[in-house]
Every structure is written in structure tokens, then in C-alpha cells.
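Just so it is clear, none of the values below were taken in a lab; they were calculated from the coordinates. All values derive from a computational prediction rather than experimental measurement. Cβ atoms come from the backbone with ideal geometry, glycine included; neighbour counts cover every protein chain shown.
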Amino acid sequence: MDFSDVISDKISSYTQERNERQADLLNPQYHKVTIETACRKAIDDLTKVPGDKERLLAEAISIISQVPDFALSVWTAAMDDLKALQQEISRWESMRDMYIEWTALQEAKAEAREELKEAILSGEIQEPTRESSMRRDAGDHPGVKLSSYRMASSELEGGEDSEG
């Protein structure tokens, strides 16, 4: 499995989770069940309250007055989850884009190294010297660096790759 496959899997799993959360958010049954569960728990807690009817009534009024805020908190929590999932998707998409750029850069470097090796084998490029570097005209490209030439040359001679 390639790293880009891992990134794609992450993006698709977060996208699927986001789509499920959006479906929940638009589903009235989801909100009904969430609020119903909280109300049932409140009813159970209310039956366990010791004391007289006045205290029981005060607790019931308190619970009923909290229902609208609870409904709002369910909606807000779902929206926050959606935002967090979208941020995670964006982060992974950004990582995918950076990885694609990096692999393209690595491929370009490898291609340039192969072209350098071919030029060395054909004799088109000679080993740079200090004197040839000092005598170039202003504005001219300095050409191949000595380290790049020697690395490519050693690879051609069967030496180990010094970059790993």
C-alpha cells in the first residue's frame, strides 16, 4: 500500500463519516430519538426525587425549561462535528497535494540525475574544475556542481548511492 493510498483512505473515511453526520442532522428522527432519550432519563431521575409535590413540581418545571436548550445543544454539537470533519478532510487533502508535489519533485530529480549520467557517459559533460567555474561569464548558468558530477559518476562506476 502506497502512502497516497493511505491518504485517500483517510479522506474517504472522513468524507463518509461527514456524510453520515449530515444525514443525521437533516433527519428529524435522529433529533427526536436524542431528545426522547434525554427526556426518559430525566423522567427516571424525577421519579427518584424524594420530597413533597412542590419540590417534584419545581424539578419537573426545571427539566421542561431545559429542553429547548438541549435541542439547541444537539444541533450545535452536530454542526461542530461537521466542521471538525471538514477540517480533517481539508487537512488530508492538503497533505495529499503536498505528497503529489513531493513525488513529482523526486521524479524530476531522478530524471535529471539519469540525464546527467547519460551526459557523463557520452562525454558531453566533463568534471567541473575550479578554474572552469571561475572563468564563466557573468549571468551564465554555473552548470553541473562538482558534487553532483562525482555522485553520478560513482553511481555509474557501481558505487553505492550516497543519498540512501
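Of the residues 68, 50, 28, which exhibits the maximal mean-square fluctuation in a Gaussian network model of the chain defined by a 10 Å Cα contact cut-off?
Maximum among the listed residues: 50.
Note down the magnitude of the dipole of the chain about its Cα centre, charges +1 on Lys and Arg C-beta and -1 on Asp and Glu C-beta and zero elsewhere, to the nearest 20 debye. Could you put the intermediate results ahead of the total?
Numbers: 20 positive and 34 negative charges, 184 e Å.
Dipole size: approximately 880 debye.
Pairs of alpha-carbon atoms within less than 8 angstrom and 6+ residues apart define the contacts here; what relative contact order does the range 3-107 have, in percent? The partial results should precede the final answer.
Details: 44 pairs, mean separation 55.2, N = 105.
With pairs under 8 Å counted, the relative contact order is 53 percent.
About the Cα centre, and with charges only on the beta carbon of Lys, Arg (+1) and Asp, Glu (-1), how big is the dipole of the range 35-112? Nearest 20 debye, please.
280
Measure nothing but the geometry: give the 0 to 90° angle between the long axis through the Cα atoms of 53-122 and the longest principal axis through the Cα atoms of the chain, rounded to 10°.
Rounded to the nearest ten degrees, it is 10.
In the chain, how many lysine pairs have Cα atoms under 17 Å apart, counting only pairs 8 or more places apart or on different chains?
On the way: 10/83; 32/41; 109/117; 109/145; 117/145.
Close lysine pairs under the 17 Å cut-off: 5.
With loop defined by DSSP as not H, G, I, E or B, and exposure as at most 13 other Cβ atoms within 10 Å, which is the longest segment of the chain clear of exposed GluC sites (Glu not before Pro)?
Values: sites that count: 124, 157, 160, 163.
After excluding every exposed loop site, the longest remaining stretch is 1-123.
Order by neighbour count: 67, 144, fewest other Cβ atoms within 10 Å first, most last.
Details: 67 13, 144 17.
By the 10 Å Cβ count, ascending, the order reads 67, 144.
Take residue 3 and residue 57, extend 7 Å from each Cα along the Cα→Cβ direction, and tell me the distance between the two endpoints in nm.
Each label point is offset 7 Å from its Cα along the Cβ direction, giving 7.0 nm.
Please give the contour-minus-distance gain from residue 106 to residue 45: 0.36 nm per residue of separation, less the Cα-Cα distance, rounded to one decimal in nm. Walk me through the numbers before you get to the answer.
On the way: separation 61, 0.36 × 61 = 21.96 nm, distance 6.38 nm.
The span from residue 106 to residue 45 would gain 15.6 nm if fully extended.
Measuring from label point to label point, each 7 Å out along Cα→Cβ, what is the residue 153 to residue 119 span in nm?
1.5
In the range 74-93, which residues have a backbone nitrogen under 12 Å from the label point lying 7 Å from residue 22's Cα in the Cα-to-Cβ direction?
Of the residues in the range 74-93, 82-83, 86 have backbone N under 12 Å from the label point off residue 22.
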